[in-house]
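A quick write-up on the structure given underneath.
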């Protein structure tokens, strides 16, 4: 689609002959929340890894805002506007909550990372390293202005989770509860101000109350116009927050559409629960 923010066409990924993703095509429009659901092993996380550059596709194309990114490095994809969280949660254990969030801004820094475009050139990477060391020791007016901007962004994201992260902003991440580590990871992704926020099971391991908090925060992000690509197993959350739902099974898309239409699709019911039960636990009669 010409107005799509993210466009995925005929995406494929093989692992030693096993086709984990086979011919997947979909789009995400600006401001849209699209969820990918499916049984374990259906290819959901592999698809996210392909979109975010953690894996390279064997075939197909991925475009963000009209620019091909399927052969780009993860860091370049992040700079172009995709931020993500991970299924198993990834924070820097010894860094504080505030420092973890600040890491999310790293790819956008200019004054603190002079000559950053040279960092991927082996013979010249010493130039940006020395320049960054100089800025860290002596500072510059531009770096001080950027520092104030960084602090403001970090405070904004902590305020988003004020009740949970506010009192813990200076605590090391290893001391946080599992749910607060996940909140810190989401805040870090949002600090990038991404065009597309990619969330891989953001409520995994959370209880009902914690899941309800994340749902409220996702609905708030949706109201603010944040574009989201979401993988999640908790169907009540998916059905509440999503504009569209994509269902995968065996590395392929078996259904796509509005949440309630997908929920009633016979192929989806079969993939999740077999022939006898509807999604949501109602007997099929």
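The values are calculated or read from the model by the stated rules, or taken from the named source; none is laboratory data. Please read all numbers here as calculations on a predicted model, not as lab measurements. Positions of Cβ are generated from backbone atoms using ideal geometry, with glycine treated the same way; all protein chains shown enter the neighbour counts.
Tabulated values for the structure
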read-out	value
One residue from 82, 77, 37 being closer than 22 Å to residue 190 by Cα, surrounded by 15 or more Cβ atoms within 10 Å (Cβ to Cβ) and in contact with a helix residue (DSSP H, G or I) (Cβ under 8 Å, 6 or more places away or on another chain)	82
Cross-chain or 6+ apart pairs with Cβ under 7 Å, the range 94-106 first and surrounded by fewer than 16 Cβ atoms within 10 Å (Cβ to Cβ), then assigned to a loop (DSSP other than H, G, I, E, B)	103/92
Considering residues of the range 207-232 that are part of a loop (DSSP other than H, G, I, E, B) and surrounded by 15 or more Cβ atoms within 10 Å (Cβ to Cβ) only, the residue modelled with the lowest pLDDT	232
Qualifying residue in the range 125-147 (condition: crowded, with 19+ Cβ neighbours inside 10 Å, within 24 Å of residue 183 (Cβ to Cβ) and not assigned by TED's automatic domain parsing to the domain that holds residue 10)	no
Residue count for the range 215-240, restricted to those that are more than 14 Å from the chain's Cα centre (by Cα) and closer than 19 Å to residue 86 by Cα	7
Qualifying positions in the range 56-74 - touching a strand residue (DSSP E or B) at 6+ places or on another chain (Cβ under 7 Å) and surrounded by fewer than 19 Cβ atoms within 10 Å (Cβ to Cβ)	58, 59, 60, 61, 63, 68
Selection count where residues are in contact (Cβ under 8 Å) with a residue 24 or more places away in the chain and over 19 Å from the mean Cα position of the chain (by Cα), scope the range 167-206	8
Residue match in the range 154-163 (condition: out of contact with any helix residue (DSSP H, G or I) (no Cβ under 7 Å at 6 or more places or on another chain), buried (at least 19 other Cβ atoms within 10 Å of the Cβ) and not assigned by TED's automatic domain parsing to the domain that holds residue 213)	no
Any hit, the range 65-75, residues being closer than 22 Å to residue 245 by Cα and in contact (Cβ under 8 Å) with a residue 24 or more places away in the chain	yes
Scope the range 1-24; condition surrounded by fewer than 15 Cβ atoms within 10 Å (Cβ to Cβ) and within 23 Å of residue 196 (Cα to Cα); matching residues	1, 2, 3, 10, 23
Residue 186 outside any loop (DSSP other than H, G, I, E, B) and surrounded by 20 or more Cβ atoms within 10 Å (Cβ to Cβ)	yes
